[in-house]
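This report concerns only the one structure given below.
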Amino acid sequence: GVTRLLLTRIPFFKEIIVSSFSCDSCSWSNTEIQSAGRIQEQGVRYTLAVTSRQDMNREVVKTDCAMARIPELDFEIPAFSQKGVLTTIEGIIDRAVAGLEQDQPVRRATDEEVARKIDEFIGKLRQLKEMNSPFTFIIDDPSGNSFVENPHAPRRDDALVVTHYRRTPQQAAMLGLEVDAKPPDAAEDLRDEVLQFNTNCPECNAPANTNMKVVQIPHFKEVIIMATNCDSCGHRTNEVKSGGAIEPQGTRITLQITDPSDMTRDILKSETCSVEIPELEFELGMGALGGKFTTLEGLLKDIRDLVERNPFTLGDSSMPSRTGKLQEFIGKLQEVNGKTKAHFIMDDPAGNSYLQNVYAPEEDPELRVERYERTFEQNEDLGLNDMKTEGYEPEGTSGR
């Protein structure tokens, strides 16, 4: 016979190898798939609520180490009991029916009672295809290489729940992976995982999800990036929080913009950081724009949008005398693109802001970082004057 191999990519998934064998003598044919990538860092579980005929036509990638289950029938296809396959939900059911029917003639001759029960179960599987009642289809793959199609991609599918999980030592051994005897580090798990929690959209108040991830910035420290996307109105927002403590000293970062490539430098602006451009006589106080992890060009664009969208500066409520000055300022701000030399200053009393040094770990001739002692007023703004972290327990007990 002839075996054909095809390397293909499934949209919103990954590359797979489809192999097909056919025999001209007896007309037997067989197809199976193999993952073209490596075993993933985490296992994956797809839980689909099948409620319509369209759901039966969803594409499914089931690897040979994946387990498929239909809880309503207490039916399970164990791992390594079938070859990997690229099919549909209906195709999975048809393969299960064909596998159960294969030895039925022998069972009817040897054990009629068992054959009758299997016939009843096959009838229940076929009724699932008629969609007389909804059911749940679950694929659990420790290798992370199985897949159930989301026809609404890249939007979220309410009927499909995708769960990533850490493999157990038994699952890792089943995949032939070395089992690490060292207990997992909870802090490391948090760094590798994207946490998700429910919230409401700040624009339309519809239910939305907020994703949170701990990110290590090279030559700096850890930060927490939070992003909220609303499927109802399309609103998107992101915010950056410091992942560490307030530094013992404040930080003042001065960058001399001399080249267009400076606009691509990464910037972490914490919510306690103020921004100043002396050439434009511009200063942005701390708290404005919140925390952001972006580039210098992206931060200047956010500053321009902040000015343009304020109704009291350039909107209907603005004063004509002020409008001309602000239009002139916006024009000068747009000229700060590396061709016009300017100084960009970030002053963060908490010391949690960062501007990329493109020469790291060497010194950057255009970048100056100064550490300074905070004033009483700055400590007051940060709440440090009233914060007591040592020796508070005896006082708290006696004063209670």
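The values are calculated or read from the model by the stated rules, or taken from the named source; none is laboratory data. This is a predicted model, so every value here is computed, not measured. Don't worry about glycine lacking a Cβ; one is built from the backbone with ideal geometry, like all the others, and counts go over all protein chains shown. Ligands, DNA and RNA are excluded from the accessible area calculation, which covers all protein heavy atoms including side chains. Shrake-Rupley method; radii C 1.70, N 1.55, O 1.52, S 1.80 Å.
State which residue is nearest to residue 155 (Cα to Cα) when the search covers only the range 225-279 and only residues that are without any contact (Cβ under 8 Å) to a residue 60 or more places away in the chain and open to solvent by less than 30 Å² (accessible area, probe 1.4 Å).
In the first step, residues of the range 225-279 are kept if they are without any contact (Cβ under 8 Å) to a residue 60 or more places away in the chain; the result is 226-230, 232-241, 243, 245, 264, 271.
Within this subset, residues satisfying the condition of being open to solvent by less than 30 Å² (accessible area, probe 1.4 Å) are 228, 230, 240.
Numbers: 228: 14, 230: 10, 240: 24 Å.
For the range 225-279, the residue satisfying everything is 230.
How about the range 77-122: which of its residues are under 42 Å from the mean Cα position of the chain (by Cα) and outside any helix (DSSP H, G or I)?
The first filter runs over the range 77-122 and keeps only residues under 42 Å from the mean Cα position of the chain (by Cα), leaving 77-100, 121-122.
Selection gives 77, 78, 79, 80, 81, 82, 83, 84, 85, 86, 87, 88.
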| query | If you check residue 141 against the conditions, is it at pLDDT 90 or above and more than 22 Å from residue 52 (Cα to Cα)? | reply | yes
| query | Is there a residue in the range 96-110 that is among the basic types (Lys, Arg) and under 22 Å from residue 45 (Cα atoms)? | reply | no
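Could you check the range 123-137 and list, in sequence order, the residues that are in a helix (DSSP H, G or I) and crowded, with 16+ Cβ neighbours inside 10 Å?
At the first step, the residues of the range 123-137 found to be in a helix (DSSP H, G or I) are 123-129.
Passing the criteria: 125, 128.
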| said: Can you say whether residue 364 is surrounded by 15 or more Cβ atoms within 10 Å (Cβ to Cβ), at pLDDT 80 or above, out of contact with any Lys or Arg (no Cβ under 8 Å at 6 or more places or on another chain) and of a type in the set (D, E, K, R), as far as the supplied structure shows? | reply: yes
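Looking only at residues that are among the acidic types (Asp, Glu) and in a strand (DSSP E or B) in the range 264-306, which one is modelled with the lowest pLDDT? Talk me through it step by step, then tell me what you get.
So the first thing to find is which residues in the range 264-306 are among the acidic types (Asp, Glu), and the list is 266, 271, 276, 279, 281, 283, 297, 302, 305.
When the remaining residues are screened for being in a strand (DSSP E or B), the result is 266, 276, 283.
Working: 266: 89, 276: 91, 283: 86.
Applying the filter and picking the extreme gives 283.
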| request: For the range 150-165, enumerate the residues that are open to solvent by 60 Å² or more (accessible area, probe 1.4 Å) and at pLDDT below 90. | output: 151, 152, 154, 155, 156, 158
| task | Kindly provide the set of residues from the range 43-73 that are closer than 27 Å to residue 17 by Cβ and among the charged types (D, E, K, R), ordered by number. | result | 45, 55, 58, 59, 62, 64, 69
| task | State yes or no: is residue 177 modelled with pLDDT of 90 or more and either over 15 Å from the mean Cα position of the chain (by Cα) or open to solvent by less than 50 Å² (accessible area, probe 1.4 Å) (or both)? | result | no
| note | Residues of the range 42-69 being among the basic types (Lys, Arg), over 16 Å from residue 165 (Cα atoms) and either open to solvent by 40 Å² or more (accessible area, probe 1.4 Å) or part of a strand (DSSP E or B) (or both), in sequence order, are 53, 62, 69
| remark: Of (1) open to solvent by 70 Å² or more (accessible area, probe 1.4 Å); (2) at pLDDT 90 or above, residue 80 fails just (2)
| Just a yes or no: is a residue in the range 15-34 touching a residue at least 60 places away in the same chain (Cβ under 8 Å) and closer than 17 Å to residue 128 by Cα? | no
| request: Scan (1) of a type in the set (Asp, Glu); (2) open to solvent by less than 50 Å² (accessible area, probe 1.4 Å); (3) at pLDDT below 90 for the single condition residue 112 breaks and write down its number. | output: (2)
